[in-house]
Amino acid sequence: MKLFKSTLSLILAASLIFATGCSNSAKKAITMGTLDGTKYTNEYFGLELNVPESWHIATEEEKAAITQAGQEAIAENNEDLAKKLDLSKEKTLNLLISFKHPLTHQGTNPNVIIMAENLGLLGSVAVKTGKDYLELTKTSMEQTGMGYTFSETTTEKLGGKDFDALVATINAGTITVAQKYYVAIIDGYALTLITTSYSDEEAADIKGFMDNITFK
């Protein structure tokens, strides 16, 4: 459980960037997207994703529990940052969370999270690119005091769309947790996809998941 909570804190660090204020500069209405079986669609972002049938898609109740666990993990290291997380919930949307195994699985559990943060008026000025957002994300993650290390920021394509990407790793006992953040700024939101793996084999599982993503 300690490992699980620690990795959750890394997952949720991206939601701490602009902790106050919520002013959507977008013209069209944001949606949480829809699920049709294992097909996830979000018209706002032009995103379509076929979740592998063997993967578990988190329910709304599980999303809430995951968020709470992540906040508790952050509070263990930085109470002030955890308080900011409370505020950021209002403008950060957990669109989709999917795990290779059910949450009751004992052992490592590779996962993919898709989230969107409303940048608001202040964010729209400070954040022009995914790289800008990742730099601020990196700062917030460093403030947790949990000992992350980071790669250089790169640009990669997901489903034909350009994303800025950053890899963050953390040693959790005998396991190294590798998380990759993909960010694109779309209509006033930072669309972020976060992948988590614990081995090369699990990284290959993640790649299979990500290959199912397309953008219109």
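Things worth noting here:
- Residue that is modelled with the highest pLDDT [pool: residues in segment 122-144 that are assigned to a loop (DSSP other than H, G, I, E, B) and either buried (at least 17 other Cβ atoms within 10 Å of the Cβ) or in contact with a Leu (Cβ under 7 Å, 6 or more places away or on another chain) (or both)]: Val127
- Of note, Glu156 satisfies the criterion of being of a type in the set (D, E, K, R), at pLDDT 90 or above and under 21 Å from Thr196 (Cβ atoms).
- Test for Met210: is it of a type outside the set (Lys, Arg) and in contact with a helix residue (DSSP H, G or I) (Cβ under 7 Å, 6 or more places away or on another chain): no
- Of the residues making up segment 150-203, those that are assigned to a helix (DSSP H, G or I) and either touching a residue at least 60 places away in the same chain (Cβ under 8 Å) or not acidic (Asp, Glu) (or both) number 2.
- Selected residue (only one of Gly147, Gly107 is over 24 Å from Trp55 (Cα atoms) and in a loop (DSSP other than H, G, I, E, B)): Gly147
The values are calculated or read from the model by the stated rules, or taken from the named source; none is laboratory data. Keep in mind that this is a model prediction, so the values were computed, not measured. Reconstructed Cβ throughout: ideal geometry from the backbone, glycine too, with neighbour counts over all protein chains shown.
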